[in-house]
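Here's the structure, in structure tokens; my notes come after.
Each reported figure results from applying straightforward, stated rules to the coordinates on display, with no laboratory input. From a predicted model like this one, the values you see are computed outputs, not experimental measurements. Neighbour counts are summed over all protein chains in view; Cβ atoms, including those assigned to glycine, are modelled from backbone coordinates with ideal geometry.
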Amino acid sequence: MALVLIFVGSFIGIVTAAIQMLFFGATLWQGFVVYFAFSLGLPTVVAMIGWAVHVLRPSVPERDELGWYKA
């Protein structure tokens, strides 16, 4: 999962850096910063959101009140 997110972030970073360098006059250093920000930032943000959802919404344990019977 993390590897896929790194690839997706790298692709988005390359495209964004190329657009900034070609059309907005950004330097090569700024292009590298944008590339690494997306390639490392996207997996980090997705992991933090997943962790926050797990912590803030814990799973509800199964209850016998629902009318289901165990064998």
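Observations on the structure shown:
- Solution diffusion estimate, µm²/s, Stokes-Einstein, the stretch 2-56, Kirkwood Rh from C-alpha pairs, 37 °C, viscosity 0.692 mPa s: 280 µm²/s
- Near the amide H of Ala26, within less than 5 Å, lie the amide hydrogens of Met21, all on another chain or at least 5 residues away, with H placed in the peptide plane.
- Take every pair of alpha-carbon atoms less than 8 Å apart whose residues are at least six positions apart; their mean separation over the length of the stretch 2-56 yields a relative contact order of 45 percent.
- In terms of the mean number of neighbouring beta-carbon atoms within 10 Å, the peptides 24-36, 5-17, 45-57 order highest first as 5-17, 24-36, 45-57.
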